[in-house]
Amino acid sequence: MQITSPEFKANSRAALADPQLQKALGNVRSGFIEKRLKAVADLPEFERLRDSAKAIKDHVLSNLDLYLEAYEGRVLEAGGKVHWCGTAEDARQAILAICRGVNAKVVTKGKSMITEEIALNEFFEKNGITPVETDLGEYIIQLRGEHPSHIIAPAVHLNKDQVEEDFRRVHDHLAPGRDLTEPEALLNEARRVLRSRYFEADVGITGANFLVAETGSSIIVTNEGNGDLTQILPKIHIVVASIEKVVPTLDDAAQILRVLARSATGQDMSVYTTVSTGPRRPGDPDGPEEYHVILLDNGRSAMLGTEFQDMLRCIRCGACMNHCPVYHAVGGHAYGWVYPGPMGAVLTPSLIGVDKGGHLPNASTFCGRCESVCPMKIPLPKMMRHWREREFERGLNPAVGRYGLKAWAFFAKRPRLYRFAAAMGIPALKVFSFGKERFSWLPLAGGWTKYRELPAPEGRTFMQQLRERDAVMKQAAP
Amino acid sequence: MSGREAILAKVRASLSEGGNDPARRAAIEARMAKPPKGVIPARGKLPDDARVDLFETLASKFAATVERVRSHADVPKAVAAYLRAKNLPAAIRIGADKRLAAMPWDRQKAMEIRNGPSDGDDEAGVSHAFGGIAETGTLVMTSGKDNPSTINFLPEHHIVVLEAADIDGDMESVLAKVRKKFGKGRMPRTLNFITGPSRSGDIEQKIILGAHGPRALHIIMVDG
């Protein structure tokens with residue numbers, strides 16, 4: 001997909017001016033936060049489970065090489081194949097080779113962010129293979145030629161009248177006069193249309209929430225059942241997963257599962273948690289005849305051992321974006337690549353480079369809500385700060401900001417000079433306010449005052465006021 | 001260098017670890033053989049009756065319907081009554097599970113029983129659960145000819161027979177039973193944890209039941 005992260009500012013301006021998007025984003029602000037809060041309140045052990053989940057992933061990351069080897073061994077024992085892919089291109093080629101092997105025309109797909117990361121759909125189309133997204137949200141955005149705007153709710157930027165328009169446009173074999181005003185009718189129509197596609201497909205592709213070293217299994221967590229139909233009906237099941245998805249045992253997966261759905265959708269458990277191991281067994285009447293795992297690095301191994309290693313604990317629940325005031329304001333597409341919100345602001349520069357993704361870590365007020373709700377306790381604000389430092393060191397941010405910061409730093413490192421300058425500046429600003437309480441325009445601060453007013457100072461600096469107050473308190477004390 | 005070796009070499013370089021450290025390897029093997037006991041919620045540790053009641057409460061909360069019967073002999077009658085109540089034809093898809101086969105289906109004269117995996121044209125499928133998890137009201141299903149996975153997903157109505165005695169408090173206890181039945185480190189092709197009927201919230205975040213999987217999940221719990 002085309003990367004528009006460098007145009008984050010322009011993307012955001014467009015998003016703020018888009019009434020359909022702003023209406024749809026209201027569903028994020030109201031729904032997710034309350035549901036999560038309720039699910040967490042219902043489980044007194046939630047905080048301890050967070051610590052347990054974090055410890056498991058930390059342990060895996062510091063032994064990732066060994067767990068990957070152990071996992072691979074078990075996949076092979078169960079009759080599956082593992083394809084180690086260093087880059088997105090390696091992964092695309094490995095997938096294509098498997099599909100070509102059975103002369104695949106149609107490939108069904110369960111919801112998977114990693115296949116977005118490797119831009120698999122575009123690649124399939126170029127190679128004459130039809131990819132069919134089967135998750136309702138993914139199906140809708142595929143019809144629109146869009147990408148997900150949220151990692152667990154891909155079509156959250158849309159309203160139902162937009163979906164109705166798309167269904168009428170694409171499902172033109174159905175009666176034009178049919179009633180599609182209710183979401184139930186839209187879901188039923190998608191269900192009917194997609195049913196035949198599951199049987200048509202030669203290959204089914206899913207992602208993985210976990211890979212289990214103990215058993216060589218992959219685990220997916222879904223609500224619709226499409227991920228299961230995608231993997232049990234076609235001849236071949238391909239799992240695409242990145243290397244940090246591995247956990248030691250099924251019991252470890254159980255620990256993390258307890259915080260995953262609660263953090264994501266506020267469910268105790270998602271409807272379907274599916275553990276898949278190898279191809280169908282002798283005597284099995286259904287299930288795929290081949291089972292392949294595309295094990296993708298694509299930049300993750302370079303994050304190990306750095307200040308960004310903690311990001312590899314991420315289990316893609318979406319809680320950080322559900323609670324982010326910036327995401328609430330601009331939605332997911334403004335971030336310009338696969339992963340939006342706070343997790344995207346940290347991960348995107350790691351995966352596509354700080355030169356392209358450098359704006360994203362700046363899109364934060366550092367309010368800290370993302371870290372406070374992250375089930376894996378990932379220090380997202382701290383890592384965004386690391387990126388800002390790197391961006392600054394490499395001179396990637398604009399000159400005005402750089403010189404402004406340097407000027408500010410010059411004063412900030414010299415407290416006396418700072419206080420002196422403030423003591424000169426504040427009364428001057430008071431004079432220039434001409435008695436008004438707010439500035440609607442200030443020289444050199446036009447970017448700020450264009451969208452909001454700056455309160456006018458009252459004439460004394462904070463330090464002056466503090467000293468006066470201290471003096472009064474001392475006199476008042478007996 | 002193959003993709004495999006290149007990735008492992010990069011991971012090791014980033015971790016500043018060598019490839020052949022027997023102590024590290026022994027430590028992860030030991031941890032996989034005996035995972036540390038994690039945090040088990042108190043509600044996953046209830047005694048017998050309370051555990052079964054919690055399963056029923058939570059499965060119902062997540063939109064499954066639960067019916068309790070006294071013995072295996074009551075199951076076919078309950079299935080027939082469910083189909084009638086839902087205005088469905090008296091026909092079911094069923095695998096080769098011996099416990100299901102031993103039930104008195106012949107007493108339901110009008111019932112058509114189709115055997116084998118679902119082909120997508122079944123209104124109702126009947127499966128026998130491997131177990132249940134009380135802490136989340138979850139059914140546990142294993143694939144194979146006894147209970148083909150397609151029956152879990154293709155029919156509009158999924159009817160699941162569950163022995164009350166097979167309900168465990170927490171997920172880890174069920175996983176221990178899976179290891180015992182299939183062998184440590186070995187698994188059936190598919191292990192499904194199912195919590196309620198299929199649903200989607202993808203249109204304006206409104207939850208609607210019956211997405212791609214069954215529209216309804218009916219659990220017949222055998223108490224005997």
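Against chain B, whose longest principal axis comes from its Cα atoms, helix B:48-61 is set at around 80 degrees. Within segment A:407-476, the percentage of alpha carbon pairs spaced more than 18 angstrom apart rounds to 54%.
With the Cα gyration tensor of segment A:43-296 giving a ≥ b ≥ c as the square roots of its eigenvalues, does the rule (a/c under 1.5 for rounded; else a/b larger than b/c for prolate; else oblate) give rounded, prolate or oblate? Here segment A:43-296 falls in the oblate category. Relative to the longest principal axis of the Cα atoms of chain A, helix A:160-170 runs at roughly 40 degrees. Distance between the modelled labels on residue B:6 and residue B:60, one decimal in nanometres: 5.8 nm (7 Å Cα→Cβ projection). In order along segment A:221-235, phi translates into HN-Hα couplings of 10, 9, 10, 8, x, 5, x, 6, 4, 5, 9, 9, 8, x, 5 Hz, rounded to whole numbers, per the Karplus curve 6.51 cos²θ - 1.76 cosθ + 1.60 with θ = phi - 60° and x for Gly and Pro. Other residues whose C-beta falls under 14 angstrom from the C-beta of residue B:71 contribute a net charge of +1, scoring Lys and Arg +1 and Asp and Glu -1. The amide H of residue B:66, built 1.01 Å from its N in the peptide plane, has B:219 as neighbours under 5 Å, considering only residues 5 or more places off or on other chains. Could you pull out which residues in segment A:348-365 have an amide N less than 19 Å from a spot 7 Å beyond the Cα of residue A:462, following the Cα-Cβ vector? Of the residues in segment A:348-365, A:365 have backbone N under 19 Å from the label point off residue A:462. When both bridge partners sit in chain B, DSSP labels roughly 25% of those beta bridges antiparallel.
Considering only DSSP beta bridges whose two residues both sit in the protein assembly as shown, what percent are antiparallel, to the nearest 5? Of those bridges, close to 30 percent are antiparallel. If you average the C-alpha positions of segment A:102-155 and of segment A:1-21 separately, how far apart do those two centres end up, in angstrom? Cα centroid of segment A:102-155 versus Cα centroid of segment A:1-21: 22 Å apart.
Tell me, how many Å apart are the Cα centres for segment A:363-424 and for segment A:190-232? Answer, in whole Å: 44. The distance between label points at residue B:107 and residue A:102 comes to 4.4 nm (points 7 Å beyond Cα on the Cα→Cβ vector).
Taking the Cα atoms only, what angle lies between the long axis of helix A:341-352 and the longest principal axis of chain A, rounded to 10 degrees? Helix A:341-352 sits roughly 70 degrees off the main axis of chain A. Going by a ≥ b ≥ c, the root eigenvalues of the Cα gyration tensor, does chain B fall in the rounded group (a/c under 1.5), the prolate group (a/b larger than b/c) or the oblate group? It comes out prolate by the Cα gyration axes.
Of the residues A:186, A:206, A:233, the one whose Cα sits farthest toward the positive end of the charge dipole of segment A:155-249, with +1 on the Cβ of Lys and Arg and -1 on the Cβ of Asp and Glu, is A:233. For residue B:161, the amide hydrogen comes within under 5 Å of the amide hydrogens of B:127, B:128, B:129, B:220, counting only partners 5 or more places away or on other chains and with H modelled in the peptide plane. Across every pair of non-identical alpha carbons in the protein assembly as shown, the mean reciprocal distance, once inverted, gives a Kirkwood radius of 27.4 Å. Proximity of backbone amide H atoms, modeled 1.01 Å from N, is registered between residue A:130 and A:106, A:107 at under 5 Å, excluding neighbours fewer than 5 places apart on the same chain. Here the Karplus curve 6.51 cos²θ - 1.76 cosθ + 1.60, taken at θ = phi - 60°, turns the phi angles of segment A:381-395 into couplings of x, 4, 6, 5, 5, 4, 5, 4, 4, 5, 4, 5, 4, 8, x Hz, with x standing for Gly and Pro. The alpha carbon radius of gyration of segment A:203-296, expressed as a multiple of 2.2 N^0.38 Å, is 1.06. Comparing B:120, B:131, B:201 in a Gaussian network model of chain B (Cα springs below 10 Å), the most mobile by mean-square fluctuation is B:201.
Dividing the convex hull volume of the alpha-carbon atoms in segment A:99-214 by its residue count gives 133 Å³ per residue. Charge tally for residue B:17 (other residues, Cβ to Cβ under 12 Å; Lys, Arg +1; Asp, Glu -1): +2. Couplings 3J(HN,Hα) of segment A:294-302, computed from phi: 8, 9, 10, 8, 6, x, 5, 4, 6 Hz, in residue order, whole Hz [Karplus 6.51 cos²θ - 1.76 cosθ + 1.60, θ = phi - 60°; x for Gly and Pro]. Each Lys or Arg adds one and each Asp or Glu takes one away; over the other residues whose Cβ falls under 13 Å from the Cβ of residue A:373, this sums to +3.
Protection proxy ranking of A:14-26, A:140-152, A:429-441, A:252-264, by the mean of other Cβ atoms within 10 Å over each peptide's residues and highest first, is A:252-264, A:140-152, A:14-26, A:429-441. Sorting the segments A:208-218, B:85-95, A:416-426 by their residues' average number of neighbouring beta-carbon atoms within 10 angstrom, most packed first, yields A:208-218, B:85-95, A:416-426. With the simple model of a label 7 Å out from the Cα in the direction of the Cβ, residue A:419 to residue B:23 spans 5.5 nm. First check a/c for segment A:1-85, with a ≥ b ≥ c the square roots of the eigenvalues of its C-alpha gyration tensor; if it is under 1.5, answer rounded, and if not, answer prolate when a/b is larger than b/c or oblate otherwise. Here segment A:1-85 falls in the oblate category.
All of the numbers you see were taken from the coordinates with simple rules; none came from a lab. Only a predicted model underlies this, so the values are computations on that prediction, with no experimental measurement involved. In this analysis, Cβ positions are derived from the backbone assuming ideal geometry, glycine residues included, and neighbour counts consider all displayed protein chains.
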